[in-house]
Amino acid sequence: MSNLYLRNRWFEDLPVGEFHVFGSHTFSELEMVAFARRYAQAPEFTDPDAARTLRWGGLVAAPWHVCAMWMRKMVDYMEVYAQGVNDGRRNGAGISVQAMEWFEPVRPGHTVTYTYEIIDKSNKVIRDKWGVIRSRNEAFNQNGSKVLSFEIDILAEKAPT
């Protein structure tokens, strides 16, 4: 990943179909419980003993923990991916999330791999400066089963005219 180098990454340079693998993360029981105690205080996320008697039959990662790891992996990846870009462009913010779904639980020891694909570019222009791209973001466990999927609309700065 450290060999990636881009000269231009304006809205106009981003092709539909561009695909990235942000990386993988292995979830530990300790990490899952610590996250859940702070952000998602339900027994299936915080108490291994109680979790055995509940819906998933054991401890699972809070869905927002799985999503938070996508964000961490995306930021880390994009920082490396954009190294060497010095064109005055700024990254835009995500402006909406759609179709977020969790498909399977993530358990201690599961390794989740996170992906990103540009699936659409809108003709909409915001403040004469920003185009809008839509990305599909997915996460797959070590068996190849999809555990998370969502779409995001993201601002991408248009090239100066």
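The values are calculated or read from the model by the stated rules, or taken from the named source; none is laboratory data. All values reported here derive from a predicted model rather than from experimental measurement. All Cβ positions, even for glycine, are placed from backbone atoms using ideal geometry, and neighbour counts span all protein chains on display.
Only residues that are touching a Lys or Arg at 6+ places or on another chain (Cβ under 7 Å) and not aliphatic (A, V, I, L, M): list them for the range 49-82, please.
Passing the criteria: only Gly58.
Condition test on Trp130, is it more than 30 Å from Ser28 (Cβ to Cβ) and of a type in the set (Phe, Trp, Tyr)?
yes
Can we say Phe11 is at pLDDT below 90, of a type in the set (A, V, I, L, M, F, W, C), under 19 Å from Asp153 (Cα atoms) and buried (at least 17 other Cβ atoms within 10 Å of the Cβ)?
The answer is yes for Phe11.
Starting from residues that are part of a loop (DSSP other than H, G, I, E, B) and more than 16 Å from Glu104 (Cα to Cα), keep the ones in the range 137-161 and report whichever is nearest to the chain's Cα centre (by Cα).
Here the answer is Lys158.
Cβ contacts < 7 Å: first residue over 30 Å from Asp47 (Cβ atoms) and without any contact (Cβ under 8 Å) to a residue 12 or more places away in the chain, restricted to the range 99-126; second residue in a strand (DSSP E or B) and among the hydrophobic types (A, V, I, L, M, F, W, C), any location; separation 6+ or different chain. Result?
Close Cβ pairs satisfying both conditions: Lys124/Val132.
Filter the range 48-83 down to the residues that are among the β-branched types (Val, Ile, Thr) and out of contact with any Asp or Glu (no Cβ under 7 Å at 6 or more places or on another chain), then identify the one that is farthest from Ile154 (Cα to Cα).
That would be Thr53.
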